[in-house]
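Sharing a structure with you now.
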Amino acid sequence: MQIKKAGVVAAGALATVAVMGAPAAAAQAPQADASAFTKSSALDMARGGWSNPWDRTPQGLLWVGTGSVANAAAWQICGSSAMAGVGLTIDSDPNTLIGHRGDAGCNNGNILIDDQEVPELIGALNDSAVSVATWQACGSAVAGGLGGTVALQAPSTVFGSCRNGNIIITGPEDGDHHDHHGDRNKKPYGHKRTESATIEETGAATRKAVSPAKVDTDKLRDALAAKHGKDKYKPHHNGDHKGDHKGDHKGDHDKYKPHRDATAEAPMVGEPKAADARNFGGNPWDVDPMSLLSVGDSSAVQVATWQLCAGTAVWGVGGVVQAGSPATVWGDCDNANVWIDQPEWPHSLISVLDYSSVNVAPWQVCGSDTVSGVGATISLTSPDTVFGSCNNANAVIK
Amino acid sequence: MQICKAGAVAAGALATVAVMGSPAVAAKAAPTDAKQAPTTALSLDRAAQPRAGLLDKQPLISIGVSSSVNAAAWQVCGSDAVAGLGVTAAATSPHTKLGDCANSNTWLKQDVQPGLISILDDTSVDVASWQVCGSHVVAGVGLDVAQGSPATVVGDCHNANTLIEGPDGVGRPSFISLLSGSAIDVLSWQVCGSSAVMGLGAVVASSSPTTVLGDCTNAGSRVEPRPVDATVPILSGRELNLLPLQICETNSPASLIGLVVPLNSPALVTGSCYEPDGLPDDLDLRP
């Protein structure tokens, strides 16, 4: 009899949970007084030590633009001779930028997003990045707009990399199913997450992502995950539990992880039965949250992401005349590259343009002279040199 | 009897949960579990029950999920180029690129469960991805003059290549799949280690060699199919390439339209020029 009660109660709790996710299903669930269970000693037996089925953070009902980044007209002129607007620039002085830490040079409009929330019931453009008109001139001479640039004996030099409008959206599963006991504590960057570090990491990771060499995704994910303090949300591969799983789990995101995480969890202290059960797949009521409708979640949209890297260019109407003005970048030039980690479990019942990249007019001029508009560029004894790779609008979604 | 009740409850829960992901599965699961759930269902055997209905939920409709669209991705790399109206004139101004040039390359993995109705999922669309690599080019209307200005790329030039990997698991097949898991390239153009006019205009190169010490790949695609096809696949898992054009190690006076005047300006590509049809199977297309 008690067991029967327990069963009914459990059903009620499950039904309660289901209400949040699927109203139609809830209508069929039996009604029950949940207070009866808390008094029932059979409940613990029936549950076999599982966590309480009602002890869950609810899904959001409607989320729009949460955790997203929108950039409009992010411009950077870095170690360059430039006219941006209307007018004339005459430059006869060297422009030199020496990046710190030997790697970072000029970073503009790069975005890094950690997508690690419980899927909302209806969502649009969450954890997404939108960039419009992200422009960078890096170690270059440029006329952007209406006018001209004259560079005489004005070398432009950047010691470091130039990164513009690159986007990384990492998924909640980062490293979760990669059981690297030894690597878990490695933090390759070894510093706190700060604004500048984020940008730097973005560029570094993007550069890695778009490297023509084989990409070690495990390491990349580990590096990204380790840096952003997500360790506490990870399965505890290294046995460091310290009460994380004991008692009340309110607010703990662990519960909302997909079941494959649970399979990797170590037994909880004092709850061996629960551990056994969980190792076979977790609580029966622990279901991956799923959206009803999501549009554009964890996606990247870019329009007119332009980079001029160790080059000479007219973007607009005008001219660039340079003499004895070499343009040099000692590093890579990365523009409008996208890396998106997609989840391996279904995200939404109706899913439109999630985990996608749309890139319109990403232009890169790298170690070159070009007219992209109306005008002329004239270079006399002004070599353009890039000691590194040029990556433009490459996308990795996996 | 009691156990049967418990089992029924569990089955109900499973069914309730399954409603969210897959109505069809839920309908089947409920009665089966109710009858067969043994006494220890909640503690032991439950763990051994197949979880397919729970974990392998299938969206109803998915459109454009995990896809990439690139429109007008242009790269000028170690080159002189007119990309619009205008003039570029370079004298004793070498353009040198010590590294690779990669433009609009895409790498997708079909690891997301597609919907019962799947449209443009895990698909790459490249429209007008143009790359000028170690070259002198007029790509619009204009004039490009290079005197003593060699264009050199020490590395590979990759443009609009696509790799769509197959999934790690099997998953559920879609019922209708339209243009999913496909690589679609339209007007992917590459000029590599050459002097060329791609629009109206003229290129005059004097003592300005064009050199690429590496490979040139353009609009190469490779699609690894899903293990199970959709019931109704429409142009899914395909490689569609419309009007690709590669000008590689070419110094021909006659170009698309216009005139190229190469004077003492040899064109050289030390690697291979890979066009869509001629891609070797082992070529690495990952960006």
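Out of (1) surrounded by 22 or more Cβ atoms within 10 Å (Cβ to Cβ); (2) within 8 Å of another protein chain (Cβ to nearest Cβ); (3) out of contact with any strand residue (DSSP E or B) (no Cβ under 6 Å at 6 or more places or on another chain), what's the single condition that is false for residue A:331?
For residue A:331, the exception is condition (2).
Give just the number: which of (1) among the aromatic types (Phe, Trp, Tyr); (2) more than 23 Å from residue B:286 (Cα to Cα); (3) not in a loop (DSSP other than H, G, I, E, B) does residue A:345 not satisfy?
With respect to (1) among the aromatic types (Phe, Trp, Tyr); (2) more than 23 Å from residue B:286 (Cα to Cα); (3) not in a loop (DSSP other than H, G, I, E, B), residue A:345 is out only on (3).
Residue by residue through segment A:318-358, note down the ones that are among the β-branched types (Val, Ile, Thr) and either farther than 30 Å from residue A:93 by Cβ or in contact with an Asp or Glu (Cβ under 7 Å, 6 or more places away or on another chain) (or both).
The answer is A:338, A:340, A:350, A:352, A:358.
I'd like the full set of residues that are of a type in the set (Asp, Glu) and under 21 Å from residue A:134 (Cα atoms), limited to segment A:302-354.
A:332, A:334
Could you please let me know if residue B:58 is modelled with pLDDT of 85 or more and either surrounded by fewer than 23 Cβ atoms within 10 Å (Cβ to Cβ) or farther than 23 Å from residue B:228 by Cβ (or both)?
Answer is yes for this residue.
Moving on to the next point. Evaluate segment B:75-85: report whether one residue or more is surrounded by fewer than 19 Cβ atoms within 10 Å (Cβ to Cβ), under 30 Å from the mean Cα position of the chain (by Cα) and modelled with pLDDT of 50 or more.
So far as segment B:75-85 goes, no, none of its residues is surrounded by fewer than 19 Cβ atoms within 10 Å (Cβ to Cβ), under 30 Å from the mean Cα position of the chain (by Cα) and modelled with pLDDT of 50 or more.
Could we say that residue B:149 is assigned to a loop (DSSP other than H, G, I, E, B) and at positive phi here?
Criteria not met by residue B:149.
Something else: Residue check, residue A:83 against (1) in a loop (DSSP other than H, G, I, E, B); (2) over 31 Å from the mean Cα position of the chain (by Cα), all met but one. Which one?
Of (1) in a loop (DSSP other than H, G, I, E, B); (2) over 31 Å from the mean Cα position of the chain (by Cα), only one is false for residue A:83: (1).
Mind counting the residues in segment B:119-152 that are over 13 Å from residue B:93 (Cβ atoms), of a type in the set (Val, Ile, Thr) and more than 24 Å from the chain's Cα centre (by Cα)?
Here the count works out to 3.
Name the residue, out of A:377, A:370, A:312, A:305, that is of a type in the set (Val, Ile, Thr), closer than 21 Å to residue B:139 by Cα and more than 9 Å from chain B (Cβ to nearest Cβ).
Matching residue, one of A:377, A:370, A:312, A:305: A:305.
Return a yes/no flag: does segment B:100-116 have any residue that is in contact (Cβ under 8 Å) with a residue 40 or more places away in the chain, charged (D, E, K, R) and surrounded by 24 or more Cβ atoms within 10 Å (Cβ to Cβ).
Within segment B:100-116 (the criterion being in contact (Cβ under 8 Å) with a residue 40 or more places away in the chain, charged (D, E, K, R) and surrounded by 24 or more Cβ atoms within 10 Å (Cβ to Cβ)), the answer is yes, since at least one residue qualifies.
Restricting the search to segment B:77-89, which residues are without any contact (Cβ under 8 Å) to a residue 60 or more places away in the chain and part of a strand (DSSP E or B)?
Correct list: B:86, B:87, B:88, B:89.
OK, next. Which of the residues spanning segment B:152-182 are assigned to a loop (DSSP other than H, G, I, E, B) and surrounded by fewer than 24 Cβ atoms within 10 Å (Cβ to Cβ)?
B:156, B:166, B:167, B:168, B:169, B:170, B:171, B:172, B:173, B:175, B:179
Oh, and also: If only one of A:361, A:300, A:393 is among the hydrophobic types (A, V, I, L, M, F, W, C), within 7 Å of another protein chain (Cβ to nearest Cβ) and farther than 28 Å from residue A:147 by Cα, which one is it?
Result of the check over A:361, A:300, A:393: A:393.
Among the numbered criteria (1) over 21 Å from the mean Cα position of the chain (by Cα); (2) over 19 Å from residue A:75 (Cα atoms); (3) hydroxyl-bearing (Ser, Thr, Tyr), which one does residue A:372 miss?
Condition (2) is where residue A:372 drops out.
Do you know which residues across segment B:100-118 are more than 13 Å from the chain's Cα centre (by Cα) and under 28 Å from residue A:384 (Cβ atoms)?
Listed by number, the residues that qualify are B:100, B:101.
Cβ-Cβ distance below 9 Å, separation of 6 or more or different chains: which pairs start in segment A:325-346 with a residue that is under 25 Å from residue A:299 (Cα atoms) and end on one that is in a loop (DSSP other than H, G, I, E, B) and basic (Lys, Arg)?
Listed by first residue and then by second, the contacts come to A:339/A:398; A:340/A:398; A:341/A:398; A:342/A:398; A:345/B:57; A:346/B:57.
Collect the residues in segment A:124-152 that are part of a strand (DSSP E or B), of a type in the set (A, V, I, L, M) and touching a Gly at 6+ places or on another chain (Cβ under 7 Å), keeping them in residue-number order.
A:124, A:143, A:146, A:152
Give segment B:124-146 a look and list any residue that's assigned to a strand (DSSP E or B) and either under 30 Å from residue B:107 (Cβ atoms) or free of Cβ contacts under 8 Å to residues at least 40 places away in the same chain (or both), or say none.
Those that are assigned to a strand (DSSP E or B) and either under 30 Å from residue B:107 (Cβ atoms) or free of Cβ contacts under 8 Å to residues at least 40 places away in the same chain (or both): B:124, B:125, B:126, B:127, B:130, B:131, B:132, B:133, B:137.
Any idea which residue in segment A:334-376 is surrounded by the most Cβ atoms within 10 Å (Cβ to Cβ), counting only those that are polar (S, T, N, Q) and modelled with pLDDT under 90?
Result: A:370.
Could you check segment B:96-119 and list, in sequence order, the residues that are of a type in the set (A, V, I, L, M) and either touching a strand residue (DSSP E or B) at 6+ places or on another chain (Cβ under 6 Å) or facing chain A (nearest Cβ under 7 Å) (or both)?
If the condition is that a residue be of a type in the set (A, V, I, L, M) and either touching a strand residue (DSSP E or B) at 6+ places or on another chain (Cβ under 6 Å) or facing chain A (nearest Cβ under 7 Å) (or both), then B:98, B:102, B:108, B:112, B:117, B:119 are the ones that fit.
Being surrounded by fewer than 21 Cβ atoms within 10 Å (Cβ to Cβ) and not polar (S, T, N, Q) is the filter here; which residues of segment B:250-261 pass it?
B:253, B:254, B:256, B:257, B:258, B:259, B:261
The values are calculated or read from the model by the stated rules, or taken from the named source; none is laboratory data. For clarity, every value in this text was computed on a predicted model and none was experimentally measured. Heads up, the Cβs are rebuilt from the backbone with ideal geometry, glycines too, and the neighbour counts pull from every protein chain shown.
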